[in-house]
Structure formats: structure tokens, C-alpha cells
Amino acid sequence: MVKAALSTCLLLLLVLSQPAAAEDARLPYHELYSLEKVQLDLSRTYTNLALVLEMRSTSPEVKYSDIKAFISSKSGPIPVTLGAQGTFSVPMRDDLLAEDPWITVNQPKGTMRLNWHAGLSPSLTRQLTNSIHYGRLMRAVRECDNVQEAMRQFFPEAARLTAVGLRLTFRASAIGPAAVIHSKTGDRRLPADALEELIIPIDADLVEEDPVMTLTEAPVAVEIVTQKDGGGP
């Protein structure tokens, strides 16, 4: 069973904006509404990916459980619940969009960041048990590039990244874990390294051929590997 179906594809930062006189970080409701609307639309389009929004503090001593956020609606505060890793969503309501209240966080201004993460969907990672078609898996990985472009409107200063493969992590085993791509030119074996990790690279020819790929065992973690344009992973 894959323990971590979601893993960081891109880490993009956005300072929560606020007036100089305010002590707490805050930003207008419409900004998160617009960000979440695009995230939801992308999730419906790219069903083999899972996209989440995350809020975190730049102060290392601040835990996710310390962060409290709420919508300062004229009808009363509406809590914004944060998950264990800072994942969150706001209620998508037309009346709130018309009102456009502040979303306030109980942390000092300038210390909060927004991230978005993309990883393979749980339904796809559950198939990484014995065999899976290479093309379907890697087409999902490549879709991260499309997602990045769509999210760039919110994170224009972020580094441009390209998905280059998929990292699988396994439990320690007496028989080294491996992935085997059964292509028409012969089997290609990808053994795990000393850290029990292996990277399955994106190969355009293999994506078109779509061979079956077998795993010696199910991974415990799956991560989309990216590189900066012109750089290594």
C-alpha cells in the first residue's frame, strides 16, 4: 500500500498580503476563491493527479496545529480548517465572493506562505502493486507540466519546472526492489539504490509504445521528480 500518494511536484510561495497597520497575516477572500476554483477545475480535468493547497509559516517553530485561520464575514467568523500538513480549502460561496471579506491568520504578517502540491491520485498509486502500463503512468506525470502552467497566474515568480520521472521508495528488502519495463526492444530493469529508491524516467518512445511495467513489490512512497529548466532533477 502506498503510504504517501501525494508528494511535492512544485513548491510555490505567495506572501499573504495585508495593510501595514495589521498585525496578523490576511488576504482577501476572492484571492483564495480564485486559486481554489482553478485547483478544483484542474482536478476535474487531470483525474490521475491529486492537487492540494497548503498554508504554512516560514517560522520553523510554528507547527501546522498552531495556525488558525478564519473568514471575517459580516455574519460572523467562519473557520478555515487546516489539515495535518497545512492543507486547506475555503467554502466556495457566491455571497462571500460578493462580500469579499478578509481571511485572517493568527500569525504575524509576512510569515505565511501558500504552496500547491501535485502528485499521482490515490486511485492510480493503488495500482502500483505488481504491473501497470508505462504510458498511462507517465502521461499522468507529464500532466504536471500543464498544471504548473495553469497555476503560474498565481505564482508568476516561481521557478519553471519540468516533470522528468517518478521516484519510487521501497521498504528495506533482502532482495533488492526493482522495476522492469517490458518493451519490444527487451526488458529494461531499474534497480533500487542503497536508499531503496529508484527513478522511472519519462521516455517519449516508451510512452507511445506503452509497455507493461512490473514491480518486484509495491512501493511505500511515490514522488513526481522535477527539474528546473536547463538543470538536473
Note to self: C-alpha centroids of segment 169-233 and segment 125-154 sit apart, in Å, by 14
Taking Cα atoms only, helix 29-45 is inclined relative to the longest principal axis of the chain by an angle, in degrees rounded to 10, of 20
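How do the peptides 99-108, 68-77 rank, highest first, by the average count of neighbouring beta carbon atoms within 10 Å per residue?
99-108, 68-77
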Expected sort for 161-170, 191-200 on mean C-beta neighbours within 10 Å, highest first, is 161-170, 191-200
Rounded to the nearest 10, the angle in degrees between the Cα long axis of helix 134-151 and the longest principal axis of the Cα atoms of the chain comes to 20
Log10 I(q)/I(0) at q = 0.17, 0.20, 0.23, 0.26 Å⁻¹ for segment 18-90, from Debye over equal alpha-carbon scatterers, is -0.78, -1.02, -1.20, -1.31
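Hey, could you grab the Kirkwood Rh for segment 92-151? Inverse mean 1/r over distinct alpha carbon pairs, Å, one decimal.
15.7
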Expressed as a percent, the portion of alpha-carbon pairs in segment 124-196 spaced more than 22 Å apart is 41
Distance in Å, no decimals, from the C-alpha centre of segment 40-59 to the one of segment 102-117 is 16
Log10 I(q)/I(0) at q = 0.17 Å⁻¹ for segment 106-233, from Debye over equal alpha-carbon scatterers, is -0.93
Heads up, segment 158-233 by the C-alpha gyration tensor (a ≥ b ≥ c square roots of eigenvalues; a/c under 1.5 rounded, else a/b over b/c prolate, else oblate) looks oblate
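Give me the Kirkwood hydrodynamic radius of the chain in Å, from all C-alpha pairs, to one decimal place? Kindly include the intermediate steps, with their values, before the conclusion.
On the way: mean 1/r = 0.0514 Å⁻¹.
When all Cα pairs of the chain are included, the Kirkwood radius is 19.5 Å.
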Sequence order, segment 116-122: Karplus ³J(HN,Hα) from phi using 6.51 cos²θ - 1.76 cosθ + 1.60, θ = phi - 60°, Hz rounded, Gly and Pro as x, gives 10, 10, 10, x, 5, 5, x
Helix-only [θ] at 222 nm, the chain, -39500 (n - 2.57) per DSSP H run of 4+, per residue, nearest 500, equals -6500 deg cm²/dmol
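Bear in mind that the values in this text are calculations on the coordinates, not laboratory data. Predicted model only: the values in this text are computed from it and were never measured. Positions of Cβ are generated from backbone atoms using ideal geometry, with glycine treated the same way; all protein chains shown enter the neighbour counts.
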